[in-house]
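Chemist: Sharing a structure below in structure tokens format, with a few things to ask.
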Amino acid sequence: MTTPSGRPGFNEIDAAASWIRGRAGGRAPEIAIVLGSGLGGFFDRLTDAFAIEYADVPGWPATAVAGHAGRLGIGTLAGKTVAVLSGRVHMYEGHEMDRVVFATRVIARLGVKTLILTNAAGGINKAFGKGALMVLDDHINFLGRNPLTGPNDDRFGLRFPDMTEVYSARLRGIADEASRERGVPVYHGVYIAVPGPSYETPAEIRAFRTLGADAVGMSTVPEAIAARHMGLDVLGISCITNMAAGMLPETLSHDEVFEIANRVKDAFTALLEGIIERA
Ligand code: HPA
């Protein structure tokens, strides 16, 4: 069923999943991980992997953000069959929500049960510093959009899905165990999603702190909602690549987001491997 506007519906999602399955050589991923800005290198941790360019998958929306490679790999990591998605579609590129969550729905239809969403985010909590990692305990959807708006397709999930525990308590506990075992400290906090692409003003950041947010970013929340709708267990981890606007006497730049993400990638990789091992 396509949505009334012809946007991707169940049939398009299923067609893309079947297309990938036909090329996966019998490998059925149980865990998927979406890599945020600057974390694309994690892709190379997969062994026996095969990779697919997003552009080759029927119906997959094109992404054009620098540093987002736009490919899906399925391979082995820490003894598990894992799908790694390098590059995601953002609202700020002009995509409707059902395109933003296309990949999430496709990997769910592939049979993935656990979704790990990573992102680069600005730190709002004053205890954080650049390069800190934050496990998402909850989120605030400040996008003004919800990926489930429109007719509900019951084959995906319920009309009114519960969001009391978007980020699985079990997986958050596993993240803490992996953090201790690998010696990679993590914070916990609330992520607020904004549409972007402009960064926030200092007044917005003060307002978000009052609302209870610890970090701010432009992704993750639509994917987490769509994944919960389809019954997946979700874990979210932010790499704090910068302190949010107005917190330090400096301006924000996308280059810095990359530089810091790149600096912490080895620690982040170790943490993710520890999590996947236990998930
Ligand atoms: N704001 C929004 N998104 C971001 C930021 C930020 O400060 N840093 C990385 N992604």
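Chemist: For the chain, what is the mean residue ellipticity at 222 nm derived from helices alone (per DSSP H run of n ≥ 4: -39500 (n - 2.57); sum divided by total residues; nearest 500 deg cm²/dmol)? Show your work: numbers first, answer last.
Modeler: Values: 8 runs with 83 residues, N = 279.
Calculated mean residue ellipticity at 222 nm is -9000 deg cm²/dmol.
Chemist: Which value, in debye to the nearest 20, gives the size of the charge dipole of region 1-153 about its Cα centre, when Lys and Arg are +1 and Asp and Glu are -1 at the Cβ?
Modeler: About 240 debye.
Chemist: With every protein chain present, what is the per residue accessible area of region 139-213 (1.4 Å probe, Å²)?
Modeler: Averaged over the residues of region 139-213, the accessible area is 56 Å².
Chemist: Counting Lys and Arg as +1 and Asp and Glu as -1, what is the net charge of the other residues whose Cβ lies under 13 Å from the Cβ of residue 157?
Modeler: Values: positive: 105, 109, 155, 159, 228; negative: 153, 154, 162.
Taking every other residue near residue 157 into account, the sum is +2.
Chemist: Quote the convex hull volume per residue of region 93-201, based on C-alpha atoms, as a whole number of Å³. Please report the intermediate quantities before stating the final value.
Modeler: Working: hull volume 15.3 nm³, N = 109.
Hull volume over Cα atoms, normalised by residue count, gives 140 Å³.
Chemist: Count charges around residue 145 for me, please; just the other residues with Cβ under 12 Å from its Cβ, Lys/Arg as +1, Asp/Glu as -1. Spell out each step's value before the answer.
Modeler: Numbers: positive: 99; negative: 96, 98.
Its environment carries a net charge of -1.
Chemist: Under the classification rounded if a/c is under 1.5, otherwise prolate if a/b is larger than b/c and oblate if not, where does region 1-152 fall, given a ≥ b ≥ c as square roots of the Cα gyration tensor eigenvalues? All intermediate terms of the calculation are to be shown ahead of the outcome.
Modeler: Details: a/c = 1.78, a/b = 1.10, b/c = 1.62.
Judged from the Cα gyration tensor, region 1-152 comes out oblate (a/c at least 1.5, b/c at or above a/b).
Chemist: Any lysines with Cα under 17 Å of the residue 265 Cα? List them, leaving off those in the same chain fewer than 8 positions away.
Modeler: List returned: 130.
Chemist: OK, next. Tell me, how many Å apart are the Cα centres for region 30-98 and for region 179-256?
Modeler: 20
Chemist: Assuming a ≥ b ≥ c are the square roots of the Cα gyration tensor eigenvalues, decide whether region 141-245 counts as rounded (a/c under 1.5), prolate (otherwise, with a/b larger than b/c) or oblate. Present the calculation step by step, with values, prior to reporting the outcome.
Modeler: Numbers: a/c = 2.46, a/b = 1.13, b/c = 2.18.
It is oblate, given that a/c is not under 1.5 and a/b is not larger than b/c.
Chemist: How much accessible area does residue 198 have with a 1.4 Å probe, in Å² rounded to the nearest 10?
Modeler: Probe radius 1.4 Å; accessible area of residue 198 about 80 Å².
Chemist: Report the charge-dipole magnitude of region 212-279 in Debye, nearest 20, computed about the Cα centre from +1 at each Lys and Arg Cβ and -1 at each Asp and Glu Cβ.
Modeler: Numbers: 4 positive and 10 negative charges, 41 e Å.
Approximately 200 debye in magnitude.
Chemist: Here's a follow-up. If you plug each phi of region 42-48 into the Karplus form 6.51 cos²θ - 1.76 cosθ + 1.60 with θ = phi - 60°, what whole-Hz ³J(HN,Hα) values come out, in order, with x for Gly and Pro?
Modeler: The phi angles translate into 4, 3, 6, 6, 5, 10, 6 Hz.
Chemist: Sorted by accessible area with a 1.4 angstrom probe, largest first, how do 126, 80 fall? Don't skip to the end; give the middle numbers.
Modeler: On the way: 126 155, 80 35 Å².
Output order, biggest surface exposure first: 126, 80.
Chemist: Quick check on region 210-271: take the gyration tensor over C-alpha atoms, sort the square-rooted eigenvalues as a ≥ b ≥ c, and tell me if it's rounded (a/c under 1.5), prolate or oblate.
Modeler: Numbers: a/c = 2.55, a/b = 1.45, b/c = 1.76.
Cα axes put region 210-271 in the oblate bin.
Chemist: Expressed as a whole percentage, what fraction of the accessible surface of region 68-180 belongs to carbon and sulfur atoms when a 1.4 Å probe is rolled over the protein heavy atoms? Can you show the working numbers first?
Modeler: Details: 2100 of 4330 Å².
Carbon and sulfur together cover 48 percent of it.
Chemist: Taking the solvent-accessible surface of protein heavy atoms with a 1.4 Å probe, what is the per residue accessible area of region 1-120 in Å²?
Modeler: Numbers: 4420 Å² over 120 residues.
Each residue of region 1-120 exposes 37 Å² on average to a 1.4 Å probe.
Chemist: Here's another thing I want to ask about it. Within the chain, which is the longest segment that contains none of the GluC sites (Glu not before Pro) sitting in a DSSP loop with at most 16 other Cβ atoms within 10 Å? Walk me through the numbers before you get to the answer.
Modeler: Values: sites that count: 30, 165, 250.
So the longest stretch without any such site is 31-164.
The values are calculated or read from the model by the stated rules, or taken from the named source; none is laboratory data. Bear in mind that the values here come from a model prediction, so they are computed numbers and not experimental data. Quick reminder, even Gly has a Cβ in these numbers, built from the backbone with ideal geometry, and neighbours come from all protein chains shown. Side chains included, ligands, DNA and RNA excluded: accessible areas come from the protein's heavy atoms. Shrake-Rupley method; radii C 1.70, N 1.55, O 1.52, S 1.80 Å.
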